[in-house]
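The values are calculated or read from the model by the stated rules, or taken from the named source; none is laboratory data. Everything quoted here is computed from the prediction, not taken from an experiment. Cβ atoms come from the backbone with ideal geometry, glycine included; neighbour counts cover every protein chain shown. Side chains are part of the model used for accessible areas, which takes the heavy atoms of the whole protein and leaves out ligands, DNA and RNA. Shrake-Rupley method; radii C 1.70, N 1.55, O 1.52, S 1.80 Å.
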Amino acid sequence: LHCPPGKRFTDFNEIRKEIEDETKRITGGKSAAITHTPIRLRITSPRVPNLTLVDLPGLTKIAVGDQPKDIEMQIRDLVLKYTANPNSIILSVTPANSDMATSDAIQISKAVDPDGDRTIGVITKIDLMDRGTNAREMLYNRVVPLKLGFIGVVNRSQKDINDKKDVSAARRDEKKFFMEHPSYAQLAAAGKIGTEYLGKRLNWVLLKHIKSRLPALRARVNHLISQSRKELQTLGEAPSDEIDVQRNLLISIITQYTDNFCTTIDGGRHLTSFSELRGGARISHTFNTLYPQHLGAISPHESLKPSEIYTTIRNTKGARTSLYGSVPQDAFEMLVRRLVKQLREPSSWCVDTVFEELRVISEQCEPPELNRFDALRAKFREVVADMLQRCFKDAKKMMENLISFELAYINTNHPDFIDVGSVLSSAFNYHPHIAPHPTQQASAGGKGGPPPAAGPDGIGIGGTGVAADSLGLGMGGVSGWFGGKEPKGGKG
C-alpha cells in the first residue's frame, strides 16, 4: 500500500478499511468522489498468479450525494486512460441480470479494442438472476460475441461483506453454486467458470499478449538504447574539476556557437534545406521582398481623401487666395507628413520579424556540448536574449528616428518632387487659341507691347497684367503672357 515500507497487512478487513480511509484522505473526505491518484496494493501469496490488476470505478450516469455534477465524464475519462493502452488487458464486467446489448462496458471495450484481441468479458451476479433464466447463452458467447469469450463469477453479496465472510469461504460457495446448478454444471466440471478460472485465463491471455507485443517492445527498447548511447557520445567525457580545463571548454563552446551563428547568417548551415528559407536567407527575404511589399501595399488615396486635401488647403490659405490654384507650402507639408507616418507600421513589422528570426537562430546554433550543462545553457540563453533585446531596442529607436527625420523637414527640392510651376506652364501653353484680354492691348503708341516678364516660377507677373482686373484677370491675355507673342489688336 501507500504505507511506510515494512508495514504489512494480513487481514483483508484491515486492508479494506485502509483503502476506504485513504480514499477519503485523497478526495477530501468525499467517499463517493473519484481521483486519478491510484492506491497501490501488493499481494504476496503462493496461491495467486502474477498479475497487475487495476480496479476502475463503475460507470454511472447521475451524480449521487456529494459527487460532482460531471461525475459521468470524470469516470469515463479515467476508464479510457487505462483501457486505451494497447499493452493492457480489458475486463469488461457486465451484470447477468442486465441487458448486455446496452452494456456501457462492452461499448467502451469495442471502442478502444475493435478487434477484441485484448478484451475478456466477465459476467457477475449470476446467482441473482430471476427464476427460469440463466446466463448460459452469454457464457457460450452467443449474445454479444467476443474473441476471448465470457467468464461467469459469483462474488460476495453485501450481506456477506457485512458478515465479514472471508474470501476462501466465498470461493467454496461459488464453486458449489456452479456445480449444483444444471445450467452451469457442465462448465464447472470442465473448470471453465468461476473466479479461479478467471485468474488462470487472465494469466494465459496476459502471457500471450506479452509474446505478441514483445517484438515491438524489444525494438522500441533497442531504439531508446541506441538514442541514449548517441546522446552519451555527444556529451563527451565527464567534465574536469580543473579551472583551466573548464575555461578552455567554455571558450570552445562559445567559439563553436559564434561560428554556427555566423555560418547560419551567411547561408552555410542550411544547404540541405529545400522546403523553406532559413537563417540569413529568411532575413534577406524579409528585407528585400516582404518589406517592399508591405510598403507598396500602402495606398495614399485611402488615407488621404480629396475632400481632406481640399479642406487642408483652404484652412492653410485662410482669407488669402493664390494664383491658378497653387498649393501652399504649409498645406503641402502637412499632407505629406500624414503619408510619411504610414511608414511606421510596416517598418516596425520588419524590425519585429527580423528580431524573431534572430531569436530562433540563436537557439538553433547551440552546440551539442551545451546540453551537458543545464545551468550553463540557461545562462547562455539569458545572455544571448539580453543582447538581442538591446539590439532590438536600438533598431526600433533608429527606425523611429529615421521617420522623425523625414517628418521634421520636407525637402521639396528633391528631384522626386514634381515641378509644379512647369506643370502649370505646360497646362496653360496647351491652349494657344485663347484670345488675348482687351486690357492687354493698351500700350504706348496704340500698338501691342512686349509681353510682361515671366516670374521665377514661369508665371507672367507683369504689373499691368495683374492690376488690369484687380485679381479678376481675363483669360484672353494669358496666351500672350505665356506664349511670348505680342497680343494682337488695334488701338485701345
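Contact list please: Cβ distance under 6 Å, first residue in segment 212-236 and touching a residue at least 12 places away in the same chain (Cβ under 8 Å), second residue assigned to a helix (DSSP H, G or I) and open to solvent by less than 70 Å² (accessible area, probe 1.4 Å), pairs at least six apart or on different chains.
What qualifies is 234/368; 235/372.
Consider residue 91 carefully, then state whether it is touching a helix residue (DSSP H, G or I) at 6+ places or on another chain (Cβ under 9 Å), part of a helix (DSSP H, G or I) and not aromatic (Phe, Trp, Tyr). Walk me through it before giving the result.
On the way: touching a helix residue (DSSP H, G or I) at 6+ places or on another chain (Cβ under 9 Å): yes; part of a helix (DSSP H, G or I): no; not aromatic (Phe, Trp, Tyr): yes.
For residue 91, the condition - touching a helix residue (DSSP H, G or I) at 6+ places or on another chain (Cβ under 9 Å), part of a helix (DSSP H, G or I) and not aromatic (Phe, Trp, Tyr) - is not met.
So for segment 119-133 (the condition being within 30 Å of residue 10 (Cα to Cα), open to solvent by less than 70 Å² (accessible area, probe 1.4 Å), in a loop (DSSP other than H, G, I, E, B) and among the aliphatic types (A, V, I, L, M)), does at least one residue qualify?
No, because not a single residue in segment 119-133 is within 30 Å of residue 10 (Cα to Cα), open to solvent by less than 70 Å² (accessible area, probe 1.4 Å), in a loop (DSSP other than H, G, I, E, B) and among the aliphatic types (A, V, I, L, M).
Out of all the residues in segment 139-196, which are open to solvent by less than 70 Å² (accessible area, probe 1.4 Å), of a type in the set (A, V, I, L, M) and either in a loop (DSSP other than H, G, I, E, B) or under 15 Å from residue 128 (Cα atoms) (or both)?
Listed by number, the residues that qualify are 144, 146, 148, 153, 154, 190, 193.
Out of all the residues in segment 58-114, which are within 35 Å of the chain's Cα centre (by Cα), closer than 19 Å to residue 147 by Cα and either touching a residue at least 24 places away in the same chain (Cβ under 8 Å) or open to solvent by less than 80 Å² (accessible area, probe 1.4 Å) (or both)?
83, 84, 85, 86, 87, 88, 108, 109, 111, 112, 113
Listed residues 274, 287, 332; which is modelled with pLDDT of 85 or more and either within 30 Å of residue 251 (Cα to Cα) or open to solvent by 40 Å² or more (accessible area, probe 1.4 Å) (or both)?
Being modelled with pLDDT of 85 or more and either within 30 Å of residue 251 (Cα to Cα) or open to solvent by 40 Å² or more (accessible area, probe 1.4 Å) (or both) holds for just one of 274, 287, 332, which is 287.
Could you go through segment 60-72 and let me know if any residue there is in a loop (DSSP other than H, G, I, E, B), within 29 Å of residue 197 (Cα to Cα) and at pLDDT 80 or above. Don't jump to the end; show me each part of the working.
If we filter segment 60-72 for residues that are in a loop (DSSP other than H, G, I, E, B), which is where we start, we get 60-70.
Still in the list and also within 29 Å of residue 197 (Cα to Cα): 60.
Among the residues that remain, those that are also at pLDDT 80 or above are: 60.
The answer is yes; a qualifying residue exists.
Among the residues of segment 307-329 satisfying the criterion of being assigned to a helix (DSSP H, G or I) and small (Gly, Ala, Ser), which is modelled with the lowest pLDDT?
Restricting attention to segment 307-329, the residues satisfying the condition of being assigned to a helix (DSSP H, G or I) are 307-317, 323-325, 329.
From what is left, the residues that are small (Gly, Ala, Ser) are 307, 325.
Working: 307: 78, 325: 52.
The qualifying residue modelled with the lowest pLDDT is 325.
For residues that are at pLDDT 85 or above and touching a Ser or Thr at 6+ places or on another chain (Cβ under 9 Å), scanning just segment 368-386, find the one that is least open to solvent (accessible area, probe 1.4 Å).
384
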